[in-house]
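*Asks:* Dumping the structure here so I can ask a few things about it.
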Amino acid sequence: MEKQEFLPIILGSDENAYGNARLLTSEYGVRPLLLCTRRLTATYGSKLFDVKTIEGFDGEDVFPDALYDVLAGKKREYKKLVVIACSDYYAAMMSKYYSRFEGLIENRFISPELLSRLDTKERFYSLCREYGLDFPKTLIVEPGERLHALDGGEFAFPIVVKPDNSNSYEYLHAEFEGKKKVFFFSNLEEYKTMVKNMDSAERVWGGKLIVQEFIPGGDDAMRVLNCYSSNGGKVRLMCLGQPVLEEYSPKTLGNYAAIITRGDRDLYEKMRRFLEDIGYVGFANFDMKYDCRSGKYMLFEINPRPGRSSFFTSAAGCGLMRELIDDVIYNKPREEPLLGERAALWSAVPKGVLRKYVGDPELRAECMRLWGEGVTRTLFCPGDMTPRRALRIYRYYLGYYRSFKRYFFKK
């Protein structure tokens with residue numbers, strides 16, 4: 001039996017995984033394989049891909065052997081395999097164990113040494129200093145210093161507080177009252193209440209905290225940049241987005257709810273030089289905020305994967321999955337990076353949520369206009385809305401009205 005050309009293997013089952021599978025299916029007519037610990041709402045009832053659930057797959061004691069077995073088996077059916085990690089911990093394990101999979105897959109991942117310079121905000125900011133990249137005023141708080149770290153008054157409120165790595169396996173599985181990916185505090189008492197809850201939890205999280213000045217501006221001051229760099233370390237795609245609204249429920253606070261694609265040649269060139277100089281390969285997702293006081297982009301973090309909302313890049317005509325496949329499967333060269341520049345709207349939430357909660361009148365009007373021209377929505381794929389899936393997706397989608405009513409606050 002003749003081998004099929006290639007198989008994309010996607011690690012995860014969230015909205016990011018669904019969007020990537022959707023792009024691969026529409027572009028190449030392939031049927032990806034999703035590997036995950038359990039099915040999430042985003043991928044429930046879909047006909048676009050095959051799914052294999054593996055108990056404990058997100059754990060380091062299971063992941064390497066389980067993935068190797070899948071790759072070795074699929075290599076007998078397909079000429080080439082590519083692996084797409086849709087979370088930071090999957091991306092980290094691909095970097096750490098890449099030598100086990102080398103020769104089985106076509107795409108590369110950043111080295112463990114480079115990952116160690118990027119995977120926590122503390123080390124990432126050290127790299128930013130080295131390359132002249134801007135980031136907010138930051139204090140690194142050791143676990144034993146949490147409660148009294150701000151007693152000296154060196155930091156003015158309001159402040160932003162987040163774990164050194166909010167996507168780490170340890171923090172994702174930590175449990176305490178008021179847990180969030182990102183905390184906003186207007187006074188010292190609020191901060192200490194959170195720390196006491198964190199330190200008294202049954203499952204105590206032992207990582208560092210990042211305390212940062214609050215950069216003025218709401219959700220629309222945020223920026224997200226998704227990139228793809230070739231196996232040879234050359235940037236092939238860059239697409240900038242302006243979030244116009246973020247999510248507000250405690251578990252998803254800080255995730256983007258709607259994005260307008262933008263372009264900034266100076267920023268593109270600055271970040272291209274950075275990625276190529278450090279020898280970066282694969283997907284990169286930068287979160288940053290535009291500081292109106294200085295006119296600078298303040299970097300928060302880099303994630304070694306497509307962003308959760310990376311489907312927004314397709315609204316601007318920038319195909320992240322196309323660049324990956326053209327690079328590692330078809331070896332198509334690209335002389336200059338593909339840059340996102342035209343405005344288009346991606347939204348995970350209903351139009352009514354944007355109309356009510358996007359605060360800036362001009363931006364709200366732009367959202368309504370772009371929606372009318374053709375909004376991009378990850379989960380609403382023509383031909384993949386069986387009654388069972390449609391019921392669950394619409395219930396999830398309409399739930400944003402209730403979520404925003406309950407949790408929204410003005411930053």
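What follows is calculated from the coordinates using simple rules that are stated; it is not laboratory data. Note that the coordinates shown come from a computational prediction; the quantities given were computed from them, not determined experimentally. Cβ atoms come from the backbone with ideal geometry, glycine included; neighbour counts cover every protein chain shown.
*Asks:* For the chain, what proportion of DSSP beta bridges, expressed in % and rounded to the nearest 5, is antiparallel?
*Replies:* The answer is about 70 percent antiparallel.
*Asks:* Please label the shape of region 253-411 as rounded, prolate or oblate, based on the square roots a ≥ b ≥ c of the eigenvalues of the alpha-carbon gyration tensor (a/c under 1.5 means rounded; beyond that, a/b larger than b/c means prolate, else oblate). Can you show the working numbers first?
*Replies:* Numbers: a/c = 1.96, a/b = 1.30, b/c = 1.50.
Oblate, because a/c is 1.5 or more while a/b does not exceed b/c.
*Asks:* So, one more: Using only Cα atoms, find the angle between the long axis of helix 121-131 and the longest principal axis of the chain, and express it within 0 to 90 degrees, rounded to the nearest 10.
*Replies:* 80
*Asks:* Taking the Cα centre of region 4-111 as origin and charging only Cβ (+1 Lys, Arg; -1 Asp, Glu), how large is the dipole, in debye to the nearest 20? Provide the component values of the computation, followed by the final result.
*Replies:* On the way: 14 positive and 15 negative charges, 79 e Å.
The calculated dipole for region 4-111 is roughly 380 debye.
*Asks:* With the chain treated as a Gaussian network of Cα nodes joined by springs under 10 Å, which of Cys86, Cys128, Cys227 yields the largest mean-square fluctuation?
*Replies:* Highest fluctuation among the options: Cys128.
*Asks:* Could you give the dipole magnitude of the chain about its Cα centre, charging the beta-carbon of Lys and Arg +1 and that of Asp and Glu -1, in debye to the nearest 20?
*Replies:* 1420
*Asks:* Once you place label points 7 Å from the Cα toward the Cβ at Val204 and Arg39, how far apart are they in nm?
*Replies:* According to this spin-label approximation, the distance is 4.1 nm.
*Asks:* Compute the relative contact order of the chain as a whole-number percentage, counting only Cα pairs closer than 8 Å that sit 6 or more residues apart in sequence.
*Replies:* This gives 17 percent for the chain.
*Asks:* Which one, Gly254, Ala284, Tyr268, is farthest towards the positive end of the dipole of region 251-303 when Lys and Arg carry +1 and Asp and Glu -1 on their Cβ?
*Replies:* Value computed over the given set: Gly254.
*Asks:* Using r as the Cβ-Cβ distance of Glu113 and Tyr330, and R0 as 22 Å, what FRET efficiency do you calculate, to the nearest 0.05?
*Replies:* Here the calculated transfer efficiency is 0.15.
*Asks:* Another question, then. Find the percent of Cα-Cα distances in region 137-213 that exceed 21 Å, and round it to a whole number.
*Replies:* For region 137-213, the fraction of Cα-Cα distances above 21 Å is 17 percent.
*Asks:* Roughly how tilted is helix 188-199, in degrees to the nearest 10 and between 0 and 90, from the longest Cα axis of the chain?
*Replies:* Helix 188-199 sits at roughly 50 degrees to that axis.
*Asks:* Ranking request for peptides 340-346, 248-254, 309-315, 51-57: highest mean number of other beta-carbon atoms within 10 Å first, then the rest in descending order.
*Replies:* For the peptides 340-346, 248-254, 309-315, 51-57, the packing ranking is 309-315, 340-346, 248-254, 51-57.
*Asks:* Also, quick follow-up: Two-decimal Rg/Rh of the chain from alpha-carbon positions, Kirkwood Rh?
*Replies:* Reported Rg/Rh, Kirkwood definition of Rh: 0.95.
*Asks:* Gap in Å between the Cα centre of region 94-162 and the Cα centre of region 273-334?
*Replies:* Taking the Cα centre of each part, region 273-334 and region 94-162 sit 18 Å apart.
*Asks:* With charges only on Cβ, +1 for K and R and -1 for D and E, what is the dipole size of region 137-213 about its Cα centre, in debye, rounded to 20?
*Replies:* Rounded to the nearest 20 debye, it is 220 debye.
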